[in-house]
Every structure is written in structure tokens, then in C-alpha cells.
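Here's the structure, in C-alpha cells; my notes come after.
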């Protein structure tokens, strides 16, 4: 199993959230159904966030109702608050995610509160989700650099990760939101986190703005990390991180892992087809399904 790497597909949520032109619910559903044929074990399907903040994902409930679910796939969603969690439960989400930041300024910009307050707000969500037997994943944004504060202290990242794990998160996704993170900085972050937890509790989430993502993934692999977030076609971007391009492309991550001798159990041909669809959705706001 040490040779198997999980690729957590982010494109329906983290990929589409920043697109200005609204992509129809029908296109989203068909896109997710195509992704479901690729062999992914987890697909981040949408986010139950206020449509005022992320209008692109206002149709989260409808998307979850209409997709063709594969029993071997967990369809996950971000839930920023209790209303979001309740809507996610109604929509029969398989797994939820909560998200903190390692930068105070980014936390204020992203969720309108400081880091300490955000963690306090998430506690009751985690308790309720776990009571319903819904697994909870934790995200930390800006683990390497902040678009407003520059370099982030790895110790601060580790402190937040520890609190999220103690809260009940089964895994912490370490997000290089700006894409500025170098392998050296990534090593420092991992070393701090691995003082209190094990590699199976950590995942890498790298944006490829400055072409550092694949090198950061190599570093993570060397430290025993076996889960990585990515997005077909490199789709994505954060609305609160100016200039940050999309996540690292799933097809590139899959190619790297296979070249290094790891297993992903993904269908390369279908991933490439989904990447083409993603880029068409980004360019035209729709796709001709034929």
C-alpha cells in the first residue's frame, strides 16, 4: 500500500469556483459524471458556501442531487458554517471539509475572522458531522506564503494542523495557495507537522503558479505523504489570492507518480478527456456534449 498514491480531484469545486461566467448545473453534473469514470476515490464536488461569496457554486444542492453516484467514490464538499453543514447533510454528502488559514490577513479576507475565531467556529461543525458519521477533512491555506504577508512561519502551520487533528479531522491538506512554496519551504513545513503526527494524516495541495508544484510533490513523497489534491486541466484559482493560478493539473501529477513507480489506479485516457472538457468550460463557460 505504500506504493499507492491517492489523487483527490478538486476541479468541480476548487477548479470552478473562481470562474466568472456561470457554468450551468447541467454542465457541472455531466463533468462530474465524466470524472467519476476516471478511477478517483474522492471528488470534491462543490461547496455549501453563501452564493453571495461564491456565486459559481450556488447550485451545490442541485448538483449533489443530480450526479450519478459511484458507490466506490466519496463525493465531498466544503462547509464553512452550520447552515452549510446542514445543507450538506440534506444533500447526502459523503465527506465534508473545513478550512482555516495560516495567515491572519488571508483568514480575514477569506472567512471574515481571525484564525483563532475560525477554529472555534469549526468545532461544533466537526462534532455534529462526526455524530452523523460524516468524515471531516481540514484544509490550511497559505502554508508557505500569503499574498498579503509573504512568507508564513512553518511552526504556525503545524500549530493549526495539530488543532484541526485534535478537533477530529482525519486528514490535513496543506495548501500552497500562492504557488510560491519552494521544496525547501515545504520540507520545513512537513518537518514541523511530523513532530506531532504521521504522514498518513497529511496531504499536499499545491498550486502551480510558479511551476513549483511537482517538485513539492516529490518532497512530500520522500516524507511519506501519499495523498495529493489536484485539478484536471490545472483548473482553478483562489478569489482571495490575487495572481494565483490553478491547482497543479491532475494529468501532470498522475504522469509524475507513474514515472516514479507509484500506483494511482486512474484511467489516463479519461483524465486527459476530462482535462479537455475543463479547459473548454473555462474558455467558453459551456461544453458541447454531442
Next item on the list: Determine, for 33, 222, the number of other Cβ atoms within 10 Å of each Cβ, and report the residues in order from fewest to most.
Entry: 222, 33
Next item on the list: Counting only C-alpha contacts under 8 Å and six or more residues apart, can you give the relative contact order of the chain as a whole percent?
Entry: 21 percent
Next item on the list: Determine the calculated [θ] at 222 nm for the chain from helices alone, applying -39500 (n - 2.57) to every DSSP H run no shorter than 4 residues and normalising by the residue count; nearest 500 deg cm²/dmol.
Entry: -12000 deg cm²/dmol
Next item on the list: Can you tell me how much longer the chain between residue 33 and residue 148 gets when fully stretched, taken as 0.36 nm per residue apart minus their C-alpha distance, in nm with one decimal?
Entry: 37.7 nm
Margin query: Taking the number of other C-beta atoms within 10 Å as the exposure measure, put 287, 139 in order starting with the fewest.
Written below: 287, 139
Item checked: Calculated FRET value between residue 215 and residue 53, using beta carbons and R₀ = 22 Å, to 0.05 -> 0.10
Check: Residue separation times 0.36 nm, minus the C-alpha to C-alpha distance between residue 259 and residue 3: what's the value?
Finding: 90.9 nm
Notebook entry, point to check: So how do 79, 25, 264 line up by other beta-carbon neighbours within 10 Å, fewest first?
Noted result: 25, 264, 79
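Just so you know, all these numbers are worked out from the coordinates, no wet-lab data involved. As the structure is a computational prediction, the values presented were derived from the model and not from experiment. All Cβ positions, even for glycine, are placed from backbone atoms using ideal geometry, and neighbour counts span all protein chains on display.
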